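Below is one structure, written out as structure tokens; the observations come after it.
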Amino acid sequence: MTTTTYAVLSEGLEKSFGKVRAVRGLDLAVAEGTVCGLLGPNGAGKTTAVRLLTTLLRPDGGSARIAGHDLVREPAAVRRRIGVTGQYASVDGDLTGRENLRLFARLHRVRGPAARVGELLDRFGLSEAADRPASTYSGGMRRRLDLAASLVERPDVLFLDEPTTGLDPAARNQIWAAVRGLKDEGTTVLLTTQYLEEADQLADEIALVEHGRVAHSGSPDQLKALIGSYAEVVVADADALVGAAGILDQLTGSEPVLDRDRLTAGAVTTDPTVTLPRLVRELDAGGVALLDVSLRPPTLDDVFLRLTERKELAV
Ligand SMILES: Nc1ncnc2c1ncn2[C@@H]1O[C@H](COP(=O)(O)OP(=O)(O)OP(=O)(O)O)[C@@H](O)[C@H]1O
Ligand SMILES: [Mg+2]
């Protein structure tokens, strides 16, 4: 039997700012060597959670162990084992890329700083621009420099707060590749994101954060299985839309969403007997003038909407 070692384990973490309870009972367990995605809308408490877990903020309550060290009692030990990249760039624009990294290396008393800095510049495709002021870098280059800075000390656990927000697809892909590379080397990564696709692409486990706590967690597939699949019908005209909606309602037992402009009706289903052929058959039998039918796994957007809707219904 193997026992899981958790690189991040928090219980009931709490943090308020005045009357705002930003984090209210955050329980997280991130196994060593895995990528955990903290996914949530604006204001959910993601950044506050990261700041708590990285000792930048002191919790009002609860406890956590990071890389085996107690967050509150051993903050210095925690800091030695982690790397952090904040939501907003922390590099100094007046310094060159190389100077920025050397500064971090000096701060952390890294041995052989020049070699380590050169290696990181190379790894993040910044060698050519290394001796230009960082203020001349593109957004993607700045993010890569930021990420490189958090790696100077070879952290065991890396915290990335919205590492790709505002980046174009190419720059985003470079960050994704870097995260995958780090995971392959055994680094544990906890990243926050508002991009459901990002969590789906990178995370072994996703924690949906809402109102300062984890509302749901699981692998991307588990979260998707929770809500089944999404059936969507494209019809020829507005009259057919009503017929299609009625049939979808009957088959899936969930209320269809209609888009009168696109002439689509869609509904979520967890019933495995609702297959594509069956959908086509029933719609045909109902005399619905069809243009297209699809049955696809839900995106994490669907998952998020559904799970948060459900919770709201439950309270
Ligand atoms: N320093 C602070 N002072 C007062 N309120 C704060 C502070 N930091 C965060 N908050 C509040 O705490 C809540 C959670 O904020 P947080 O930044 O953690 O959310 P987030 O999930 O990171 O959001 P975003 O997606 O916008 O980055 C929000 O209501 C925010 O206004
Ligand atoms: Mg944030």
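The values are calculated or read from the model by the stated rules, or taken from the named source; none is laboratory data. Just so we're clear, the structure is a prediction, and the values are computed from it rather than from any experiment. A quick note on method: Cβ atoms are made from the backbone with ideal geometry, for glycine too, and the neighbour counts reach across all protein chains shown. Calculation scope for accessible area: heavy atoms of the full protein, side chains included, ligands and nucleic acids excluded. Shrake-Rupley method; radii C 1.70, N 1.55, O 1.52, S 1.80 Å.
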Problem - Rounded to 5, the percent of DSSP beta bridges in the chain classed as antiparallel - result: 65
Fill in the blank from the handout: Which of Lys46/Lys183; Lys46/Lys224; Lys15/Lys183 exceed 26 Å between C-alpha atoms? The answer is Lys15/Lys183
Problem - Farthest positive-ward along segment 229-296 dipole, Cα basis, beta-carbon charges - from Ser229, Val293, Val268 - result: Ser229
Handout entry: Rounded percent of accessible protein surface that carbon and sulfur make up, the chain, 1.4 Å probe
Key = 49
Practice task
Hydropathy first: keep DSSP H helices in the chain averaging at least -0.5 on Kyte-Doolittle, then drop any whose Cα extent along the axis falls short of 27 Å, and list what survives.
Solution key: none
Fill in the blank from the handout: Length-normalised contact order of segment 1-151, Cα under 8 Å, at least 6 apart, in percent, tallies to 19
Completion exercise
The value for the chain (convex hull of the alpha-carbon atoms, volume per residue, Å³) is 178
Problem - Other-chain or far-sequence residues with amide H under 5 Å of Gly61's (modelled H) - result: Glu14
Fill in the blank from the handout: Non-local residues with an amide H under 5 Å from the amide H of Thr192, with H modelled 1.01 Å from N and Pro and chain starts lacking one, are Leu38, Leu160, Asp161, Glu162
Problem - Over the chain, relative contact order from alpha-carbon pairs under 8 Å, at least 6 apart, % - result: 19
Problem - For the chain: accessible area per residue (Å², 1.4 Å) - result: 50
Handout entry: Model label zone, Glu119; criterion: amide N under 15 Å from point 7 Å along Cα-to-beta-carbon; scope segment 139-177
Key = 148-156
Problem - trypsin sites (Lys or Arg not before Pro) within segment 236-315: DSSP coil, no more than 15 neighbouring Cβ in 10 Å - result: Arg260, Arg262
